[in-house]
Structure formats: structure tokens, C-alpha cells
1. Please work out, to two decimal places, the log10 of the ratio I(q)/I(0) at q = 0.30 Å⁻¹ from a Debye calculation in which every Cα of the stretch 62-101 carries one identical scatterer.
2. If I ignore ligands, DNA and RNA and count only protein heavy atoms, how much of residue 12 is accessible to a 1.4 Å probe, in Å² to the nearest 10?
3. Filter the GluC sites (Glu not before Pro) in the stretch 12-65 to those in DSSP coil with at most 10 other Cβ atoms within 10 Å of their Cβ, and list the result.
4. When the Cα centres of the stretch 73-101 and the stretch 13-28 are compared, how far apart do they sit, in Å?
5. Assuming 0.36 nm per residue, please report the length gained on full extension of the stretch residue 71 to residue 51 beyond their Cα-Cα distance.
6. Please compute the per residue accessible area over the chain with all protein chains in place, 1.4 Å probe, rounded to a whole number of Å².
7. Can you show me the helix-derived [θ] at 222 nm for the chain, built from DSSP H runs with n ≥ 4 at -39,500 (n - 2.57) apiece and divided by the number of residues, rounded to the nearest 500.
8. Can you sort 15, 90 by solvent-accessible area, 1.4 Å probe, largest first?
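The values are calculated or read from the model by the stated rules, or taken from the named source; none is laboratory data. On a predicted model such as this, the values are computed, not experimentally measured, just so you know. FYI the Cβ positions are ideal-geometry reconstructions off the backbone, even for glycines, and counts take in every protein chain you see. Calculation scope for accessible area: heavy atoms of the full protein, side chains included, ligands and nucleic acids excluded. Shrake-Rupley method; radii C 1.70, N 1.55, O 1.52, S 1.80 Å.
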Amino acid sequence: MRIDIILVTYNSKKYIKNCLESIFKSDYDLNKVGILVYDNNSNDETISILKELKEKYAKKLATFQIIEGEKNLGFGIANNLAAKNSLADYLFFLYVDCEIY
């Protein structure tokens, strides 16, 4: 059973690293977890942080996809666009300011 975690970012540099690293520390089999991030055209370091984390963790995950939006479409639309890229059995929508314990 595969699960994709969907995150929407917008100038989320303050949160994104802690959020994703909490997922990577999970006891759940990460080969069955995908990360789909839709970025709403951030103008801070969010994208560079995401790319660093993807480089570090992508091989441990089923997938790690970053979708770079050209403008801020809003939270709901961004979630829907990310979900369309999923091939998972289940979707888990997570706010970037959350950490999993």
C-alpha cells in the first residue's frame, strides 16, 4: 500500500525542513511513501531547501516531486494539482507547519 503526502508551500522556508525531516524519521517504510509538493511561486528559499532535501532523501522514497507553480493559485487548487500527479492508494494532505511524531 502506497501513500502520497501532499504539501503546498508558499514562502515556507521557516517550516518545510522540519516538516519533511519529521516524515523521513518515521518508522513507516519510506519506499511506500511519496512526497508531492506544489509550490505557489515562493520568493524565498523554499524551492532551494526542497531541492536539497530531494537530493538527500529521494532514493529512500517511492517518489519525491516538486511542482513549481508560476503564480500563487491558492491552497485548494494547489492541493488538487498535486493530487493529480499521484499514483498512490491513499493521499495524505499535510500542512507544512506540521511535524509527524
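1. Debye intensities relative to I(0), on a log10 scale: -1.30.
2. Near enough 10 Å² of accessible area.
3. Working: sites: 21, 45, 52, 55; in loops: 45.
Those that pass, being in a loop and sparsely packed, number zero.
4. Rounded to whole Å, the Cα centres lie 14 Å apart.
5. Stretched out fully, the residue 71 to residue 51 stretch lengthens by 5.3 nm.
6. 60
7. Value at 222 nm, helices only, nearest 500: -8500 deg cm²/dmol.
8. The residues order as 90, 15, largest area first.
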